[in-house]
Amino acid sequence: MLRLRREELEDQLAADAARLASVEARLRVIESEGVMPEYEVIIKSLPALRLAELSAEAASFEPESISPVIQPLYKQLYTALAAAGMSPAGPGVAYYEALDGGRVRVHAGCPIPDSVRGGEFDVVTLPAVKQAATLIHRGTMDNVMPSVQALARWIASNGFTSLGLNRELYLDYGMSEDPEQWVTELQEPVASLR
């Protein structure tokens, strides 16, 4: 009976430690909100994009849920393109769809020529966006939340409203072996409130 109780307590300690780590991560994000990094936000239009893509579900929008899903999707996508004798016509693009229960559908894509008709991947066209607030994030996508929050604050404080989930344009994603050297443009569709 004591061994069973000891196992229950060990399980409870492990669960509590995981919750504590999550709370500490949230606190770091909240504490960083008072320190506004220097981000430049640019409003611009986004062209329609024809993409080869793969998609899968992630548990949430948190980077620790997205990264383990999106990285294998890109590996599979580039392998499928290479097997079909094709290469991307531009940098990778990711976008997201909210699902029930806080889950998210993760779309990993890359631009392709109009002549490509599909294969081991889906072919989709992202519509053009009249206005998007854009911000450059530097470093690993595991640390993207301060950039996402800075973009959201800028949108709210500059007379705009968000029209949906952002896209990510991987300008230098994976070109460097060091994820801290990656460069990603966050693109959030917006409308002016003025």
message: Residue under question is Gly109, and the condition is that it be at positive phi and open to solvent by less than 70 Å² (accessible area, probe 1.4 Å); does it hold?
response: no
message: Going by what's in this entry, would Met141 be described as out of contact with any strand residue (DSSP E or B) (no Cβ under 9 Å at 6 or more places or on another chain) and either open to solvent by 70 Å² or more (accessible area, probe 1.4 Å) or more than 14 Å from Ile43 (Cβ to Cβ) (or both)?
response: no
query: Is region 88-104 home to any residue that is open to solvent by less than 10 Å² (accessible area, probe 1.4 Å), free of Cβ contacts under 8 Å to residues at least 60 places away in the same chain and either of a type outside the set (D, E, K, R) or assigned to a loop (DSSP other than H, G, I, E, B) (or both)?
result: yes
field: Count of region 98-131 residues which are of a type in the set (A, V, I, L, M, F, W, C) and under 24 Å from Ser65 (Cβ atoms)
entry: 9
- request: Would you mind listing the strands (runs of 3 or more DSSP E) fully within region 115-165 where at least 2 residues are of a type in the set (A, V, I, L, M, F, W, C) and modelled with pLDDT of 90 or more?
  value: 122-126, 129-138
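The values are calculated or read from the model by the stated rules, or taken from the named source; none is laboratory data. No experiment lies behind these values; they were computed from the predicted model shown. Neighbour counts are summed over all protein chains in view; Cβ atoms, including those assigned to glycine, are modelled from backbone coordinates with ideal geometry. Please note that ligands, DNA and RNA were not included when accessible areas were found on the heavy atoms of the full protein model with its side chains. Shrake-Rupley method; radii C 1.70, N 1.55, O 1.52, S 1.80 Å.
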